[in-house]
Structure formats: structure tokens, C-alpha cells
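Every number here is computed from the coordinates shown, using simple stated rules; none is lab data. It should be emphasised that the depicted structure is a prediction, and the values quoted were computed from it without experimental measurement. Neighbour counts are summed over all protein chains in view; Cβ atoms, including those assigned to glycine, are modelled from backbone coordinates with ideal geometry.
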């Protein structure tokens, strides 16, 4: 009977030791962190070109397999709704065709076919009907 009590106490300690506070991360950080946290696979070629950091519309990109990771830094423009800066969005064009409107500074262009593609990013500030700045670059997908 004594052995059964000790066994029960040991099991109770294991159960209590396994329980801890697991606080989930906010979902707003998830999108930006997921791009930064991706690791480079050894079997995927990676390339990237950086623009001048003093440029008012700074764009950095990396090719990872059939995906292109894009990061944009724009002076005086925010992609968050709660910022004092002017709100902006990016229009994405692949090979001259508009693909989507993006409202974040970092994003992934997924599933590009093999070959060379022309990527064009147009920045639209506030409620303006036309783009105020644009960047264009080429990527080669293996």
C-alpha cells in the first residue's frame, strides 16, 4: 500500500511538472516573423539584391525555390492601421499582370514558374488613385 502511495505521488509530480503557462504570440506579429524565421534549406538556391538604404522606397528580395520573399521599407508610410504615419498599400505586378494588393511591408510571392520574371511594386499612399512610387526587379526561378 505504501508503494502505491509513492507511485501515485511520483505520477502526480510528473503531471504537474509538465503543466506550465503557454502564452500564445499575438497574430499580428505572426506574418512578419514567419518571413524572418524561415531557414534556408541546403537544397534550395538563394539569391537577393539590395537597393540603396537611403532610397525612400527600399526593397529587398530573396528567391527561395519557387517563392520570392520581399521586404519593403518606405519613408513616411506605414502599413499598420494604428500608426501616425500615412497609411499605404503595395500593388504587386508579375510579368505585367496585377496579382494583388498588399497591406504589409513583408510578404511572399508564392509558386512562380521556372524562368525569369519581372516583378513590379507600386506604392499607393492613403486614398490616392495612382501610385506615388514604384520599384521593378527581375527574379530567376530555377
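For the residues 73, 109, 90, what sequence is obtained by ranking on other C-beta atoms within 10 Å, fewest first?
73, 109, 90
What length, rounded to one decimal in nm, is gained on full extension from residue 95 through to residue 108, with 0.36 nm per residue of separation minus their alpha-carbon distance?
Contour length minus Cα-Cα distance gives 3.1 nm.
Please arrange 68, 124 by how many other C-beta atoms lie within 10 Å of their C-beta, fewest to most.
By the 10 Å Cβ count, ascending, the order reads 124, 68.
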